[in-house]
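In what follows, a structure is listed as structure tokens, so that the remarks can point back to it.
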Amino acid sequence: MGSAGTEEPVRLQVDLCLRTLSASRDPGEIVHALRTLTRNLEDGEFKRLHYTHAIQVLVSAHCFGGSCDDEEIKKLWCEMFLRGPPDQTLLLLLDTISSTGECAALEQCMSVLEKFLSAGRLQVLLWSRCEVGGACSDSPQLRETIIGRLAALPSITCNHLHTDTPDAFLPQQYYPLLAASMLDSLEKTCCALRAGQDCSLGFVAQVLGKVCIQGYTQIFETLAPRLSSLTRVDPLWQRVTQRLLEKVPERCTECVITGLIRSLSGAAAVSRLMGNLVVTNKKAQFVLTHKLLLQQYQHTTALLKSVLGYLALDSERRTLLKQVLRSVCQVWCNSSAVKHTSVEQQLYVSKALLLCVALLSHSEIQELRQGNCMLGGVQCRLDSSIERIRRMGMIVGECLSHKLDTPGSQLKFQVSKMKASCILQKLQMCSSHVSFLDSQFEGSAGQSVPSEAGRGSDSELDSDDDLTPYDMSADQEKKKSAPPRYVRDCLEALMSSDDAERVELSLQQAEALFRKNVKATQEVSVQFSKVLLHLEDRYSTPHFHTLRQNAMVALTVTDVKPVVDYWTTEFYSLNYSLRQRMDILEVLALSAQELSEPIINKHAGAQPISAVTALEQCDDITHWRQIVEKRIQSKTRRISKGGTQSVKAVPNRYAPVAGFFFFPLLRSYDRPQVTFDLLGSDHLVLGRLLHTLGLLMHLAINAPVASQMGRALLDFVWTVRFHTDQMVRRGIVFAVCGVFLSMPGENLLTELGDDLMETRAWLADVAENDCDADCRSLAVQSLMLLDKNLKTQLQIPDMET
């Protein structure tokens, strides 16, 4: 009876005040009603049963519009929101802002919400849920709603207010404020625990998880440094922080852990904050030992160091470090992974492998030596046609061998010092590996430079400052042999001479002799081609490969049909090295480019093509992309530039002989030989062949034979379109792109027909799913070309009336 009697006067008093606020226009009555309500803010019954209804009436009351100038009324009105239960206040203000149009009530709610945030009401809200029993009466639905509003306040307000959003509601200001409120709650929790009181961190952990899963992990920019500092000196803070992370919902574990580790500096800080969470929490274990290391590769090296160092710092976690090492080794040695994953991901796994090995103890290294299977991964990468992958295999192989093998059996590859240093800087490996390899690659170079101090003593003894030096700037070294003046003399010198100087002079003069003496060159062109193809650099001639290549190109353009027939025949012949076959393709590509120049232009020398000039650059398709993009620009119609720009047909020497270059290269590709298996192990040559065919196709634009070439090339690439090697797939897509660039649009439909739709579906799959970024990019550009051609050909012309 007593309780009911107390409740009734409170309810009647509240109802009377609310009716006054809704209907009265007398400032005195309004002030009296507001004072009565504010006095009841300390009453638990009022806050539990009547507060929400009271502030709803306050928001909708007409006396609090923009025309109200009574400062006391405004002060009491704000006090009702800033002294009441913060969760109910926050829910009502956000609901009102998100559902109200531009009016005085919206402005008033925005103003009071800013004051709500600046007055520290978020701290009160969070701490009220940390106290035991503070949120026991909340339903799960209400709890989830409050968490959602706290985590998404910037999104809720910005979606409705747009450019009128106050700065306090923007993510840049709100989330640091929320982080500070969380830190305040954690500090009060530590004080309560010291006083022997129980606390709950479940609500704060859920808010943190909700914020992170919505993508705002920058909250750790405020949380992580402060927690790292506090846990360094106080074990209780370590316990509280670890308990907080344990309470994070499972679905939020990944984003919380990733954001935390990214914001911390070093494995020791991660260990203090996370404790043995990776041991007790299966989701955290999966994220840290598998997902961050093997499924994702966008993270920094610093994060890798923190994760693996965290696993190595505790005896209970070292078991997981060994497990991680086994998993990373398995991926590193998987030849299928080398073929089907991007270069960036392989680099990421390589860094993880080296860091794991560096963290092993001496006894663990002995165990690893007994079952060492990492050399298989090195071999897989050395077999790759991508230079970056091969270089990666050599560098990582040397590091692993230095750590695992005995001094007499360590691997040593011939990698240029500059390239090795660049790779090591990118890898940013642990100090032991970097210092060792830096000393190996850079220390030796430094030792070869004599010091200035060492030279000083000799120079003082033998000083010739008083003597005037002779001017020898124009002096030339006297040659024992004279340069050849005739083509046959040059041929004889290259065939039989044992004089290194004479061979060098013959190579230097060969190109000029071929171009100057056309008739004499044509008489011995095939014989000279054979000599140059088999010529070896016996005397370490300067610029040997460039001189030899220029001479072979000059021979080809001087006597096209016989020499091209020789090149294409020898390409599939027995007993040639892969280097010689690659040389043939390079010469054909350079010769075709020179012949494709307009006849009106005089010869200016063969211009190098970056994608087919050096074996070491076989994974560089920048030039191919430039060709494709240039042609796409010419076929793209822009309103500001007028109509479609087309490639103007001009006479050149390549169009009549394009078939001699092209079709013989497709003659025997499917016939494996003892020393050459194009569709098997020799995929490096296959990739170069596809790029060369694509270039030959591209240069044949407007040639009469272009349609037949395009049809034959598509038939060829269709048989190898699912090749596992990245370089081959790049060549396939480039070849298809060359077909779409060079074949006339009307012939695409008549010659290819139904194959176009199947080709388009395959290109779409490559553009979406291929692991190589260059393949995806070329496939997208090929689709653009194909769609452009089809739309142009299928367009119905306007009928004249």
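Suppose we filter PRO140, PRO176 for residues that are touching a Ser or Thr at 6+ places or on another chain (Cβ under 7 Å) and free of Cβ contacts under 8 Å to residues at least 60 places away in the same chain; which single one remains? Before you say what the answer is, go through the steps one by one.
Working: PRO140 fails: touching a Ser or Thr at 6+ places or on another chain (Cβ under 7 Å).
None of the others qualify; the one that does is PRO176.
Quick one: which residue in HIS698, HIS691 is open to solvent by 10 Å² or more (accessible area, probe 1.4 Å) and in a helix (DSSP H, G or I)?
Numbers: HIS691 fails: open to solvent by 10 Å² or more (accessible area, probe 1.4 Å).
Only one candidate qualifies: HIS698.
Only one of the numbered conditions (1) modelled with pLDDT under 90; (2) open to solvent by 40 Å² or more (accessible area, probe 1.4 Å) is violated by PHE740, and that is (2). Restricting to the stretch 525-572, give me the number of residues that are closer than 17 Å to GLN509 by Cα and touching a Leu at 6+ places or on another chain (Cβ under 8 Å). Total satisfying the criteria: 17.
A quick yes/no check of all residues on (1) among the polar types (S, T, N, Q); (2) assigned by the TED database to the domain that holds VAL270; (3) within 33 Å of the chain's Cα centre (by Cα); (4) under 17 Å from ARG272 (Cα atoms):
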| position | (1), (2), (3), (4) |
| --- | --- |
| LEU201 | no, yes, no, no |
| LYS210 | no, yes, yes, no |
| PRO225 | no, yes, yes, yes |
| THR231 | yes, yes, no, yes |
| LEU236 | no, yes, no, yes |
| ARG239 | no, yes, no, yes |
| PRO249 | no, yes, yes, no |
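Test THR546 against the stated conditions and say whether it is farther than 14 Å from MET495 by Cβ, of a type in the set (Val, Ile, Thr) and out of contact with any Phe, Trp or Tyr (no Cβ under 9 Å at 6 or more places or on another chain). So THR546 passes the test.
Exactly one residue among LEU684, LEU665 is closer than 18 Å to GLN580 by Cβ, out of contact with any His (no Cβ under 7 Å at 6 or more places or on another chain), in a helix (DSSP H, G or I) and open to solvent by 10 Å² or more (accessible area, probe 1.4 Å), and that residue is LEU684. Highlighted here are the helices (runs of 4 or more DSSP H) found entirely within the stretch 8-105 that include at least 2 residues which are of a type outside the set (Phe, Trp, Tyr) and at pLDDT 85 or above: 27-39, 51-60, 71-82, 86-99.
I'd like to check something: does the stretch 39-61 contain any residue that is open to solvent by less than 20 Å² (accessible area, probe 1.4 Å) and farther than 30 Å from VAL207 by Cβ? Within the stretch 39-61, one or more residues are open to solvent by less than 20 Å² (accessible area, probe 1.4 Å) and farther than 30 Å from VAL207 by Cβ.
Of all residues in the stretch 213-244, those satisfying the criterion of being assigned to a helix (DSSP H, G or I), over 19 Å from ALA192 (Cα atoms) and open to solvent by 10 Å² or more (accessible area, probe 1.4 Å) are ILE213, THR217, GLN218, GLU221, THR222, PRO225, ARG226, SER228, SER229, ARG232.
Each residue in the stretch 165-185 was checked for being closer than 12 Å to ARG226 by Cα and over 33 Å from the mean Cα position of the chain (by Cα), and 4 of them qualify.
Quickly run through the stretch 216-238 and pick out the residues that are free of Cβ contacts under 8 Å to residues at least 24 places away in the same chain and either farther than 16 Å from VAL270 by Cβ or out of contact with any helix residue (DSSP H, G or I) (no Cβ under 7 Å at 6 or more places or on another chain) (or both). Full working, then the answer.
The first filter runs over the stretch 216-238 and keeps only residues free of Cβ contacts under 8 Å to residues at least 24 places away in the same chain, leaving 229-230, 233, 235.
Correct list: SER229, VAL233, PRO235.
Tallying residues that are within 23 Å of the chain's Cα centre (by Cα) and among the small types (Gly, Ala, Ser) within the stretch 284-326 yields 2.
Scanning the stretch 580-601 for residues that are surrounded by fewer than 18 Cβ atoms within 10 Å (Cβ to Cβ) and within 11 Å of LEU533 (Cβ to Cβ) yields a single hit, GLN580.
Taking the options LEU161, LEU170, name whichever one is more than 24 Å from PRO85 (Cβ to Cβ) and touching a Cys at 6+ places or on another chain (Cβ under 8 Å).
Numbers: LEU161 fails: touching a Cys at 6+ places or on another chain (Cβ under 8 Å).
Among LEU161, LEU170, only LEU170 is more than 24 Å from PRO85 (Cβ to Cβ) and touching a Cys at 6+ places or on another chain (Cβ under 8 Å).
Taking the numbered list (1) surrounded by fewer than 24 Cβ atoms within 10 Å (Cβ to Cβ); (2) in a helix (DSSP H, G or I) in turn, PRO704 passes all entries but (2). Taken over the stretch 768-782, the residue count meeting the criterion of being assigned to a helix (DSSP H, G or I) and buried (at least 19 other Cβ atoms within 10 Å of the Cβ) is 6.
The values are calculated or read from the model by the stated rules, or taken from the named source; none is laboratory data. The structure displayed is predicted, hence computed values, not measured ones. For neighbour counting, all protein chains shown are included, and Cβ atoms are generated from backbone atoms with ideal geometry for every residue, glycine included. What goes into the accessible areas is simple: the full protein's heavy atoms, side chains included, and nothing from ligands, DNA or RNA. Shrake-Rupley method; radii C 1.70, N 1.55, O 1.52, S 1.80 Å.
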